[in-house]
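Here's the structure we're looking at; comments come further down.
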Amino acid sequence: MPMTPPHIARSRLSDRDLRRAAAEFPTAFEGLSQTDRRDLLKVMGASLALAGLAGCHQDPHPEARPYVRVPDGIVLGQSRAYATAVTFGGYAQPVLATTHEGRPTKLEGLPDHPASQGATDAFTQAALLGLYDPGRSKGPARLGQPTDWAQIDAAMVANAARLDAVKGAGFRLLSGAITSPTLGRLIDAMLQRWPQARWHAFEPVNDDLRLEAARQAFGRPLLVRPQLEAAEAVISFDDDLLGPGPFQTSQARGWAARRAAYQRGQGGSELLTAEPAPSLTGAVSQHRLIASVAGVDRLVLALAAALGVGGVAAPALAATQAAWLAEAAAALRRAGGASYVGVGAFHDPAIQALALRINDRLGAIGRTTVLSQPLIKATPGNSGSLAALVADAHAGLVDSLAIFDANPVYAAPADLEVAGALQKVRLRFHAGLHADETAALCHWHAPVEHDLETWGDALAVDGRPSLIQPLVRPFYAVRARSVLLQNLQGDLAADPRRLLAATWTDKLGDLDSPAWRAAQERGFLDEPVTAVTAASAAGPAPATSASNALTVLVRPDPAVWDGALANNPWLQELPRPFTSLTWDNVVAVAPALARRLGLKNGDVVQLAAGARMLEGPVWIMPGQDPSTLVVTLGFGRTAPGLGQAVGFDVAPLRTVGASWRVDGATLTPTGRSLPLATTQDVTTLGDFDFVRTAPRTSVAPKPPTPPPPSFYPPKPESRPQWGMSIDLDVCIGCNACVVACQAENNVPVVGKTQVAKGRHMHWLRVDHYEAGEPDDPAFFNQPVPCMHCEQAPCEMGCPVNAAVHSDDGLNLQVYNRCIGTRTCSSYCPYKVRRFNWFDFTGGDPPELRAARNPDVTVRSRGVMEKCNYCLQRIVAGKIAAQVAGRDIADGEVRTACQQACPTDAIVFGDISDGASQVVARKAQGRNYALLEEANTRPRTTYLARLAPDAGDGDG
Amino acid sequence: MPQIFRPSADIWLRAAVVMVFFLVLGGGLFATGLARSSYATGQGWPIEQTVPFSHKHHAGDLGIDCRYCHVDVERGPVAGIPPTYTCMTCHSQVWTGAPMLAPVRDSLASGQPLVWTRVAKLPGYVYFDHQIHIDRGVPCVECHGRMDQMPLAYRAHALEMRFCLSCHRDPAPHLKPPDMVTRMDWAGWDLVAAHRAYGAAAMKRFHIEPAKLTDCGLCHR
């Protein structure tokens, strides 16, 4: 037998080692397998030779094109802010929009607006990118082919003339949710002109069930708005009060205000949740009970019975449920009228109505439960549903159809078969930001203006009308929605500003009046919707169903919502709460169910309910009810764009009758699996104390302890010294800070493949932890920006001194020095440094470049970057103060994350100023540093979450 | 086995090694010299412009203040290249038919901006703020040189980081009264006894601490 020469044996051995290593660290070896050593050396040599050339392409004398005439008030290089609003789900989100030389670059909350008080949510932050979306439709189209406005105008005029003759017979308007008084006025006028025409509304995520519940309880559809700032006890039955949606900012503000008062010792702040799947509200609850949807319904009945709401008999409860219920009932009795009971918006209206009766019984109506007329404009007689339109189309009653801002072909439940119904309509117009799935089935597509380039109005969630003004002239051949509504009626001379002004002439006078200018400057009219009072009538006790089969819950995605935002890269790459998943949706399953079926994250399953089915990857969601599965809307888009073929579409599973809850589902593993991109691989807290809980007494200040000794050189003392405090007691993990940071600091988007390799670029991440039993854990959120360690390990590691410390305590990264050794990142205990593995921004189309903040460097390949406490804002604040000859005031410099935060969890300021807010926070007993034992002395510290008071739990 | 190399090969090899050494050294020196040369930094090289605007004529001979055209210099980060409108405030009255000014008139008529070539452009990762420098009394001439003597504008200094640092490390000699920042000729300023200690006094008055002026984050972010 021939002997194997020793050198070959050695090489085989190393091959096996390599294979083993490759199996363990697949991403490190990806792409290397096909390359032999010689090729690799060639490539390395070539890239080394070319690396030096990369710095040579900058033109030292570029072109400059100054203004021909400078617009009033413009100071070159300085941003300006305008009060306006962007719409979400029909509601106005009032914003203060920053522009640089006419380019909108950042949206902040409107500080004067009572609904948001200057805060925003992730959707509002990301709305900026919607303006610059390269996938927006840029001109009108006929049958999918570009055309010009003259053609589509001619078609609209001809149709209008025909409709005038028949009083609009056969014409239908389909719109999304509308709160805009101007659009409402124009639609009313249109329906008056064409009495035979009908208006239908379709908003995929809507308040319909809530309004129906109010109708059952109070006899008429009313909008119920919880006033959480007044609610000392909140019982949430799968009601995600703090979760994503148009009301998030306002409600989170309210809850945080109550919580802050509670921290100061003023009144209570109790929050108990019973829910089938973890929600942001459940995560911050003092007692979270896992219950199936049917179980939640039973608990509502039981609570009604316990509080003596008429006609309800108490159902039988398990011991844990009874204990939770007793705690909830006791909390409500303590708080009386200062309490709020909510049932999820997707639950049976009869159960929701019962919660309204409970609130009435508690005396909460008018205090924590404010009723008002709905803000979303209702179709006449509430007859205009999408289902009615589809039925009429099939019956041949629809001759021409105009669709505004709605995408029913994608977003409607599959059993409606909207696409088939559309084909029955002779003439179909579509108006929207994108040439979406519905536009593809329409004869004409008219692109509309983004909220940041249009004139308009809309109601904020508190009913105050916001005035929308353009910050920039439209980039493309687009028109305002109001103008298109007039065009449809044959009026081609319509002007959006005049249409808007005509709505407000009674209140504000004409366009030149001081009142109009003042309102425009302020951004909104201080006219909240008037609260109405109503007494609930006793109704029949709702029946609850108990089924042993699986129940699928359909929920909007916390980032791309109903799919309308699927083209927004910031939102697609936004790590979702709890899972930190990006670029995908999943079938969330409980750990117990996953164990039973032998499933692991990413395993593709077939989800079926009767003949309806879909396939998607599973995600094991701790704290979820074992009989419940959760899927999210907004994925599996088929229209061309960023969202195309990302994730799976849940429409095939939904029906008109069961659009939010599909009972009797079955789950079958397919044996395949999909790679999923998450930004946090481990979420179990284990024995670590990254997040902490402390008793309420720890709010009191404690004397500072001297820091442990250190070998680091002492730093000179000077003022100011910047620091940050993050209160984990009020952080709800809403991600507003993450997107705000991304927008402020030109943070690139890297795509699913790179996220899967751990190369996401977010400077600020929100970590999610589960503590305790995996089946029923406690949830924690923890925003983690750079800690700005006083004794920063990264600075010791950098071979070229690119990681340096400033006199005011900032840990800085000097991009032009960085050579990309990544030593700093390996030295960083907090893993907050981000490396540009590729040139993520160089290939951006011009419109995306226009969205960037000019005050922040756009980083190139091979450079490390990280949070710098919004250095550009600090410098701007410093210069403003120095020019004015004063010190920087506390709160004058606010970081982007702080400004966006709806719960004021983040406070930034000068820690050498004894009177500053951040010093007061850091003095509290519950203040702690992440990885304190590393003795890095972080400038960013946390306030521990408050444990429920001992007295609260025993009832 | 026959001998492959002649005895002189050894000499040639040594010569080649020495040559390569000097070539690499010379190449390195040349590259460094080139990078620091005025050719690379643009220092002293007048730049052709669409309209051959003469700072010498306007600022020097006519004595127009810098801020008449560069209006934002006192209130914003950039001084700004003036809009066509500013040129026409005068040139709608004087030299109205000059062929040299045809592009200016065309720009106003058509609404299309004039295209200039930037002279003092800093790299994208450097953030310089005019407002604070003007406010503290760093005269224009410190960085831009004698603009009043330039028929066509050029970079008076290389505007490299060491140039910035030379002042940030020792600002006192460069500070002048803020209300006189646009004055170009400061020869003899220090010869007047009353002015000799101005820099030190200004440092004190404005609480300027040179130790803080070399923080990287002041200019790079």
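Since every read-out is calculated from the coordinates, none of them should be taken as a lab result. Bear in mind the structure is a predicted one, so any value in this text is a computation, not a measurement. Here Cβ is always computed from backbone atoms with ideal geometry, including for glycine, and neighbour counts include all displayed protein chains.
Positive end of the dipole of the protein assembly as shown (Cβ unit charges, origin at the Cα centre): among A:566, B:157, B:19, the Cα lying farthest that way belongs to B:19. With N as its number of residues, region B:133-178 has a Cα radius of gyration that, divided by 2.2 N^0.38 Å, comes to 1.20. Partner aspartates and glutamates whose Cα lies under 20 Å from the Cα of residue A:831, excluding those fewer than 8 positions away in the same chain, are identified as A:573, A:681, A:687, A:689, A:767, A:770, A:790, A:795, A:865, A:932, A:933.
If we sort A:298-305, A:205-212, A:916-923 on the protection proxy, mean other Cβ atoms within 10 Å, highest first, what's the order? Don't jump to the answer; show the numbers that get you there.
Numbers: A:298-305: 23.6, A:205-212: 20.2, A:916-923: 18.8.
Taking the mean over residues of other Cβ atoms within 10 Å, the ranking is A:298-305, A:205-212, A:916-923.
What the pair-distance distribution of region A:709-804 shows, using all Cα-Cα distances binned every 5 Å from zero, is 2, 9, 12, 17, 18, 17, 13, 7, 3, 1, 0 percent. Once you order the gyration tensor axes a ≥ b ≥ c over the Cα atoms, which shape class does chain B get: rounded for a/c under 1.5, otherwise prolate or oblate by comparing a/b with b/c? It comes out oblate by the Cα gyration axes. Using a cutoff of 8 angstrom between alpha carbon atoms and counting only pairs six or more residues apart, the relative contact order for chain A works out to 14 percent. Counting, for every residue in A:811-821, the Cβ atoms of other protein chains within 10 Å of its Cβ and taking the mean gives 3. In terms of other Cβ atoms within 10 Å, A:190, A:724, B:88 run from fewest to most in the order B:88, A:190, A:724. Measuring against 24 Å, Cα to Cα, the residue pairs A:715/A:878; A:715/A:922; A:138/A:377; A:866/B:204 contain A:138/A:377; A:866/B:204 as the ones spanning a longer distance. Peptide B:115-125 has a mean of 5 when you count, residue by residue, the C-beta atoms of other protein chains within 10 Å of its C-beta.
Give the peptides A:874-881, A:890-897, A:88-95 in descending order of average Cβ contacts within 10 Å, highest first.
Numbers: A:874-881: 18.0, A:890-897: 21.5, A:88-95: 27.6.
Packing proxy ranking, top to bottom: A:88-95, A:890-897, A:874-881.
Distance from the Cα centroid of region B:166-221 to that of region A:741-815 is 39 Å (rounded to whole angstrom).
Percent antiparallel among DSSP beta bridges with both residues in the protein assembly as shown, to the nearest 5? Please list the in-between numbers first.
Values: 71 of 123 bridges.
Around 60 percent antiparallel, to the nearest 5.
Normalised by the number of residues in region A:703-835, the average gap of Cα pairs under 8 Å and 6 or more apart makes the relative contact order 22 percent.
Across region B:103-138, the residues whose backbone nitrogen lies under 19 Å from the label position 7 Å along the beta-carbon direction of residue B:172 are B:136-138. With helices as the sole contributors, chain A gives -8000 deg cm²/dmol at 222 nm; each DSSP H run of n ≥ 4 counts as -39500 (n - 2.57), and the sum is divided by every residue. For region A:648-721, the extents of the C-alpha atoms along the principal axes are 66, 34, 31 Å, listed from largest to smallest. The dipole here belongs to chain A: it is taken about the Cα centre, uses +1 on the Cβ of Lys and Arg and -1 on the Cβ of Asp and Glu, and is about 1080 debye. In straight-distance terms, cross-link reach from residue B:56 covers every one of the lysines whose alpha-carbon lies under 30 Å from its own, apart from those fewer than eight places away in the same chain; here that gives B:121, B:176. Relative contact order, whole percent, for chain B stands at 24, derived from Cα pairs under 8 Å and 6 or more residues apart.
Comparing A:825, A:793, A:806 along the charge dipole axis of region A:787-898, the residue lying farthest to the positive side is A:825, per the Cβ-charge model. With the convex hull of the Cα atoms taken as the outline of region A:67-216, the averaged projected area works out to 14.1 nm². The listed peptides A:685-694, A:765-774, ordered by packing as a protection proxy, come out as A:765-774, A:685-694 (highest mean of other Cβ atoms within 10 Å first).
Mind checking the dipole of region A:435-489: about its Cα centre, +1 per Lys or Arg Cβ, -1 per Asp or Glu Cβ, Debye to the nearest 20?
Result for region A:435-489 is approximately 200 debye, rounded to the nearest 20.
Toward the positive end of the charge dipole of region B:31-153, with +1 on the Cβ of Lys and Arg and -1 on the Cβ of Asp and Glu, the farthest Cα among B:131, B:63, B:52 is that of B:52. In vacuo Debye scattering of region A:374-454, one point per C-alpha: log10 I(q)/I(0) at q = 0.16 Å⁻¹? Scattering profile of region A:374-454, log10 relative to I(0): -0.64.
Ranking A:760, A:113 by Cβ neighbours within 10 Å, fewest first, what do you get? All intermediate terms of the calculation are to be shown ahead of the outcome.
Details: A:760 22, A:113 27.
Fewest-to-most ranking of A:760, A:113: A:760, A:113.
What separates the Cα centres of region A:636-709 and region B:43-68 is a distance of 62 Å.
Place a +1 charge on the Cβ of each Lys and Arg in region A:397-543 and a -1 charge on the Cβ of each Asp and Glu, then give the dipole magnitude about the Cα centre in debye, rounded to the nearest 20.
Numbers: 12 positive and 19 negative charges, 46 e Å.
Using only the charged Cβ atoms, the result is roughly 220 debye.
What number does region A:254-312 give for Rg over Rh if you use C-alpha atoms and the Kirkwood radius?
1.08
What separates the Cα centres of region A:396-458 and region A:361-384 is a distance of 28 Å. Paramagnetic label reach from residue A:477 (point 7 Å along Cα→Cβ; backbone nitrogen cut-off under 19 Å): within region A:445-459, residues A:445-450. Bridgeable lysines around residue A:424 (alpha carbons under 25 Å apart, same-chain partners fewer than 8 residues away excluded): A:167. With r as the distance between the Cβ atoms of residue A:517 and residue A:947 and R0 = 51 Å, compute the FRET efficiency 1/(1 + (r/R0)^6) and round to 0.05. After rounding to 0.05, the efficiency reads 0.45. Equivalent ellipsoid of the protein assembly as shown: semi-axes from √(5λ) of the C-alpha gyration tensor, largest first, are 53, 40, 34 Å.
Across region A:382-396, the residues whose backbone nitrogen lies under 11 Å from the label position 7 Å along the beta-carbon direction of residue A:417 are A:394. Shielding of peptide B:70-81 by partners, expressed as the average count of other chain Cβ atoms within 10 Å per residue Cβ, is 4.
Counting other beta carbons within 10 Å of each Cβ, put A:417, A:275 in order, fewest first.
Arranged by neighbour count, lowest to highest, A:417, A:275 become A:417, A:275.
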